[in-house]
Amino acid sequence: MRISKKNVLRVLSAIFVLAVLMPATVFAADAEAAAEPALYATAWSLVPPLVAIVLALITKEVYSSLFIGILVGGLFYSGFSFEGTVLHIFNGGVVSVLSDGYNVGILIFLVILGAMVCLMNRAGGSAAFGAWSEQHIKSRVGAQLATILLGVLIFIDDYFNCLTVGSVMRPVTDKHNISRAKLSYLIDATAAPVCIIAPISSWAAAVTGFVEGENGFEIFIKAIPYNFYALFTILMMVVLVMTKADYGPMKKHEANALKGDLYTTEDRPYENAAQQVVSTKGKVIDLVIPIVSLIVCCIIGMIYTGGFFEGVGFVEAFSGSDASVGLALGSFFALIITILLYVVRRVLSFSDCMGCIPDGFKAMVPAILILTFAWTLKAMTDSLGAKVFVETAVKGFAGSLMAFLPAIIFLIGCFLAFATGTSWGTFGILIPIVVGVFGETSPELMIIGISACMAGAVCGDHCSPISDTTIMASAGAQCNHVNHVSTQLPYAITVAAVSFVTYIIAGFTKSVWISLPIGAVMMVLVVVALGKLNKEKES
């Protein structure tokens with residue numbers, strides 16, 4: 001898709017006008033006296049990510065859009081000082097996020113997983129699994145349901161989910177002419193939405209850590225039935241697949257895939273990834289053993305970082321684990337096991353295995369670049385006090401509209417996670433507020449409110465093009481990132497609308513037995529109705 005020069009010029013002009021019309025107090029700020037930027041904790045703190053998102057959707061170009069968002073954040077922080085902007089972008093942004101231990105661990109995990117995918121492809125394991133699947137998975141519906149099932153089963157961590165499910169199911173979905181955009185959606189919709197309702201996951205650990213003064217794990221368990229967005233997303237996937245009721249941009253991608261075009265757009269960043277020499281000795285075990293090794297080793301790595309081998313209980317160890325270090329350690333040992341397996345079985349030589357490591361790194365470069373820019377943009381937003389602004393705004397009306405508050409919190413969580421690209425950061429802002437407002441007055445509304453925080457955060461994260469999970473889903477499916485975002489957005493918005501109405505019902509009834517069934521019925525009816533409307537338009 002060609003980028004319209006007029007659209008680009010309009011957006012850039014709008015950014016320039018925005019900069020010119022900034023309040024005069026920005027320029028009059030005393031640099032020495034102000035420990036915080038003049039725009040700190042104001043609505044302007046959310047402008048940089050919104051600029052990046054709008055540009056990405058208009059131009060269909062991710063890297064420059066993210067960089068412009070980062071640039072706007074740097075300008076706001078420095079008061080439009082050239083030197084201050086450059087220093088903040090690099091010192092407070094790129095260098096800072098790349099020197100963060102957690103981020104480095106995720107990048108190591110990405111590189112090693114890319115190497116493992118390359119190894120499995122070159123060893124012929126993926127091809128053998130694809131041939132096996134032809135005999136057992138005989139339809140497009142079966143391939144999509146198998147993808148959903150695998151995504152639900154791998155509930156440990158969303159990063160791990162995205163890349164593992166993509167590696168395993170990509171050969172299967174390609175055989176049945178399922179578009180890369182649809183595969184990306186199925187992966188993304190079974191990553192964070194599944195992790196947020198799984199008691200044993202890195203997400204559960206994050207949420208319980210934000211609930212101060214309460215039994216965080218117990219509250220997390222009670223909040224699961226009220227996590228309407230996560231539950232309805234899973235329901236919607238199954239209904240979409242079973243009824244073949246695709247709509248929006250996804251309909252075009254699926255129609256093209258049936259004709260043999262899995263990508264639809266001209267930009268196919270991963271199309272040549274599978275065009276490599278493949279061993280003829282590969283068997284299904286050459287894919288199964290590495291994947292099982294990866295799952296087992298990553299679980300061991302995560303509970304190791306949580307102190308399991310020092311006497312801490314399994315659940316407590318998992319809740320207190322460091323997902324970044326655990327995934328890096330687990331993937332490293334899984335890589336060693338995979339190389340030993342292929343060398344011993346003489347599927348690949350040792351030199352061929354070593355050659356897969358840089359090739360795997362190359363395959364992950366697009367995801368690494370987008371992640372780095374997304375993390376930097378988040379650092380710009382944090383430095384402008386976006387968290388403080390949202391916290392102040394929420395507390396301002398928390399005392400009124402009690403019954404509507406869960407639905408309002410859901411919307412705020414959606415917007416905040418969409419703008420910042422982070423679910424965990426949204427948890428950290430909103431959950432303490434909910435506990436403070438409802439903790440003593442209405443425990444039931446506190447549970448519903450915390451569920452709304454989690455659901456809104458996952459929804460915004462699901463929609464956002466700068467979300468790391470969304471980026472991982474694109475990488476796992478080897479799909480153009482903007483294609484994934486644009487095709488997924490109508491589906492996510494549909495679930496969000498039904499969830500919002502259901503939270504209003506839950507706020508008044510305070511009963512999951514009333515609100516959940518009503519919401520589930522609405523979800524099915526809406527998807528079926530949209531599918532029928534789309535078919536009527538075509539006919």
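Computed from the coordinates by the stated procedures, all read-outs in this text should not be read as laboratory data. All of these numbers come straight from a predicted model, not from anything done at the bench. Glycine also receives a Cβ, built like all others from the backbone with ideal geometry; neighbour counts cover every protein chain displayed.
Stretched out fully, how many nm does the piece from PHE508 to ARG345 gain, at 0.36 nm a residue minus the Cα gap?
Stretched fully, the PHE508-ARG345 segment lengthens by 52.4 nm.
Find how much the distance from PHE332 to GLU444 grows on full extension, using 0.36 nm per residue of separation minus their present alpha carbon separation; answer in nm with one decimal.
Going from the current span to full extension adds 35.9 nm.
So, in nm, how far is label GLU266 from label TYR63 when the simple model puts each one 7 Å beyond its Cα toward the Cβ?
So the label points at GLU266 and TYR63 sit 1.7 nm apart.
Compare the peptides 345-353, 473-481, 115-123 by average per-residue count of other Cβ atoms within 10 angstrom and give them in order, highest first.
Descending mean neighbour count gives 473-481, 115-123, 345-353.
Tell me, in nm to one decimal, what length is gained between PHE90 and ALA255 on full extension, where the rule is 0.36 nm per residue of separation less the Cα-Cα distance?
Gain on extension, PHE90 to ALA255, equals 55.0 nm.
From the square roots a ≥ b ≥ c of the eigenvalues of the alpha-carbon gyration tensor of region 297-398, which class results: rounded (a/c under 1.5), prolate (a/b over b/c), or oblate?
oblate
Cβ under 15 Å from TRP44's Cβ, TRP44 left aside: what net charge do those residues give with Lys, Arg +1 and Asp, Glu -1?
Cβ neighbours under 15 Å give a net charge of -1.
Taking the alpha-carbon centroid of each part, what is the distance from region 438-513 to region 348-376 in angstrom?
One Cα centre to the other: 31 Å.
Work the Kirkwood hydrodynamic radius out for region 414-517: mean of 1/r over every pair of different alpha-carbon atoms, inverted, in Å.
14.6 Å
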